[in-house]
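The values are calculated or read from the model by the stated rules, or taken from the named source; none is laboratory data. This one's a predicted model, so the numbers in the text were calculated from it and none came from an experiment. Reconstructed Cβ throughout: ideal geometry from the backbone, glycine too, with neighbour counts over all protein chains shown.
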């Protein structure tokens with residue numbers, strides 16, 4: 001459900017009316033009489049989004065999450081192939097697969113209510129009943145892992161204190177539980193050893209500095225033990241415990257620009273470097289019995305997976321498949337099967353399974369998620385480029401060139417800004433990006449300073465400089481686009497969601513001549529309000545956010561200075577704002593106030609509110625409505641600008 005408004009009226013209209021008109025206008029057509037085809041938004045979003053892979057206890061099927069029903073639900077895919085079987089049937093709230101039970105047909109799933117992020121963990125029984133394991137209507141739950149003998153599993157919830165997550169062990173049969181760790185000091189719980197004895201914890205000092213602690217649940221009266229004592233700024237992550245629980249593996253950027261994997265002996269207290277790469281190691285995890293070590297590296301906005309056979313010490317030969325990245329690798333407990341996804345710019349994630357106990361066996365494809373109406377040859381691959389910013393710093397970005405763009409057929413363009421702060425635009429399929437490319441909009445997905453994946457120095461270059469240096473990087477993204485002989489230099493807009501939405505509002509308010517139009521998707525406009533309204537379960541991240549952005553109680557003037565809402569009188573370019581009514585990260589008031597301020601300027605502004613969404617759109621029809629609105633807006637104010645000229 002959505003509400004749509006357009007200046008000068010602030011009335012709301014039925015989105016279905018808009019959709020029926022737009023679908024007629026966007027019908028699949030041939031361009032210039034050639035083979036290239038354009039497709040409407042509904043066709044692009046009829047592509048299925050799927051993710052997650054949990055082998056059932058008998059390893060005959062894989063549980064995953066899919067939006068094939070129109071909203072995310074849990075499905076069961078037979079390993080031998082065939083149609084997936086829908087296992088949950090929610091029509092309003094997104095439902096996600098968490099884990100199959102190791103010894104029977106039950107499974108765990110999670111769901112919140114209309115995007116409010118109060119996620120509960122449920123058990124689904126073979127007869128179809130759902131049991132809520134998360135007490136309280138206003139609390140959150142999160143799955144941590146299985147006990148080594150499968151008699152229990154570990155969950156964390158914030159029912160005792162909404163600011164902190166406590167750790168519990170649940171009995172796998174009765175669902176009775178006991179608290180293993182009461183979190184009274186604001187730790188982030190990272191994971192547990194399989195026997196439940198050791199708990200890994202993270203204490204955040206600021207956005208550049210934190211420490212890992214371990215807690216021994218057999219000695220509940222002792223304080224957690226600090227294991228990453230260091231000088232200077234160092235950040236850490238969790239990579240897991242060894243199978244026998246004697247060793248903790250963790251990620252650290254100590255003494256290096258990028259994260260490496262280290263081990264810590266829980267008895268010896270010795271640290272050893274285990275793995276390193278030329279980029280950040282994102283994760284490194286052992287299969288259930290320790291035969292395989294799966295490692296993922298963030299290599300220039302791509303995911304590179306390696307799998308080490310610990311029995312031979314040699315890397316496993318990865319499947320050779322259609323272009324794209326292997327992601328989401330899961331190895332069955334028997335270690336005889338591996339599930340994974342293949343994702344590329346022109347192909348959404350598809351599920352594969354491969355036998356590991358049969359040398360030479362080929363991976364079997366289990367899904368075909370791209371809409372059958374779309375010819376993949378009409379879609380566009382990205383290119384990794386770098387362009388100089390205002391101070392000469394090279395800014396990494398992904399450049400997408402529409403199929404028909406040429407010096408004698410120049411196209412309008414968009415600077416695309418990721419979320420965060422600290423996110424990253426990465427290669428991989430995006431229905432929104434491909435839809436806009438298909439209709440003749442070039443896209444430069446910038447990774448401005450402050451983006452992750454390019455080393456810790458680059459990551460911190462925008463600290464307390466938001467709306468300034470990061471915005472200048474985006475403006476220079478436009479300048480780069482203007483140098484391309486197939487881009488129309490007079491028709492360049494900016495688009496982004498969350499932090500990227502903030503950058504859109506900042507661009508239009510602080511650099512009012514820089515872009516010709518902007519699309520703000522649930523973006524922050526008033527940092528004072530946003531930082532004061534942080535959800536209680538983000539308490540442990542508060543110091544990190546304040547270190548990067550500022551403390552609203554102590555730095556009101558500075559936060560006021562780079563909040564676009566207070567400078568909205570400068571906005572003179574057309575603006576589209578899209579918002580979820582239940583967003584707890586960026587409150588709806590952020591968008592309401594900006595729209596009202598821009599309306600007061602007499603500037604064209606359009607506003608869409610989805611009543612059943614939070615921070616991000618989970619309902620497929622809402623995503624279709626939003627995508628049509630993006631293109632309709634751009635057709636008027638970028639393509640239409642050329643027609644008026």
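Observations on the structure shown:
- Qualifying residue in the stretch 617-633 (condition: more than 30 Å from residue 49 (Cα to Cα) and surrounded by fewer than 23 Cβ atoms within 10 Å (Cβ to Cβ)): no
- Flag for residue 465 being over 23 Å from the mean Cα position of the chain (by Cα), over 30 Å from residue 42 (Cα atoms) and surrounded by fewer than 20 Cβ atoms within 10 Å (Cβ to Cβ): yes
- Breaking point among (1) surrounded by fewer than 19 Cβ atoms within 10 Å (Cβ to Cβ); (2) in contact (Cβ under 8 Å) with a residue 60 or more places away in the chain, for residue 216: (2)
- Filter result for the condition that a residue is modelled with pLDDT of 95 or more and over 18 Å from residue 87 (Cβ atoms), over 195, 104: 195
- Here residue 58 does not qualify as out of contact with any strand residue (DSSP E or B) (no Cβ under 9 Å at 6 or more places or on another chain), at pLDDT below 95 and assigned to a loop (DSSP other than H, G, I, E, B).
- Residues of the stretch 533-561 classified as modelled with pLDDT under 90, farther than 21 Å from residue 588 by Cβ and out of contact with any helix residue (DSSP H, G or I) (no Cβ under 9 Å at 6 or more places or on another chain), total: 4
- The set of residues in the stretch 296-320 that are touching a strand residue (DSSP E or B) at 6+ places or on another chain (Cβ under 8 Å), within 23 Å of residue 347 (Cα to Cα) and either at pLDDT 95 or above or buried (at least 16 other Cβ atoms within 10 Å of the Cβ) (or both) comprises 296, 297, 298, 300, 301, 302, 303, 304, 305, 306.
- In the set 274, 234, only one residue is within 24 Å of residue 329 (Cβ to Cβ), surrounded by fewer than 20 Cβ atoms within 10 Å (Cβ to Cβ), touching a residue at least 24 places away in the same chain (Cβ under 8 Å) and in contact with a strand residue (DSSP E or B) (Cβ under 7 Å, 6 or more places away or on another chain); that residue is 274.
- Filtering the stretch 159-197 to residues that are under 29 Å from the mean Cα position of the chain (by Cα), outside any loop (DSSP other than H, G, I, E, B) and over 15 Å from residue 141 (Cα atoms) leaves only 192.
- Filter pass, residue 207 being buried (at least 20 other Cβ atoms within 10 Å of the Cβ), touching a helix residue (DSSP H, G or I) at 6+ places or on another chain (Cβ under 7 Å) and within 30 Å of residue 256 (Cβ to Cβ): yes
- Some residue of the stretch 138-145 being without any contact (Cβ under 8 Å) to a residue 24 or more places away in the chain, part of a loop (DSSP other than H, G, I, E, B) and over 30 Å from residue 436 (Cβ atoms): yes
- Flag for residue 564 being modelled with pLDDT of 95 or more, over 18 Å from residue 534 (Cα atoms), crowded, with 18+ Cβ neighbours inside 10 Å and under 26 Å from the mean Cα position of the chain (by Cα): yes
- Number of residues in the stretch 79-94 that are in contact (Cβ under 8 Å) with a residue 24 or more places away in the chain and either closer than 13 Å to residue 122 by Cβ or surrounded by 14 or more Cβ atoms within 10 Å (Cβ to Cβ) (or both): the value is 5.
- Counting only residues that are free of Cβ contacts under 8 Å to residues at least 60 places away in the same chain and either more than 27 Å from the chain's Cα centre (by Cα) or under 22 Å from residue 65 (Cβ atoms) (or both), the stretch 358-378 holds 9 of them.
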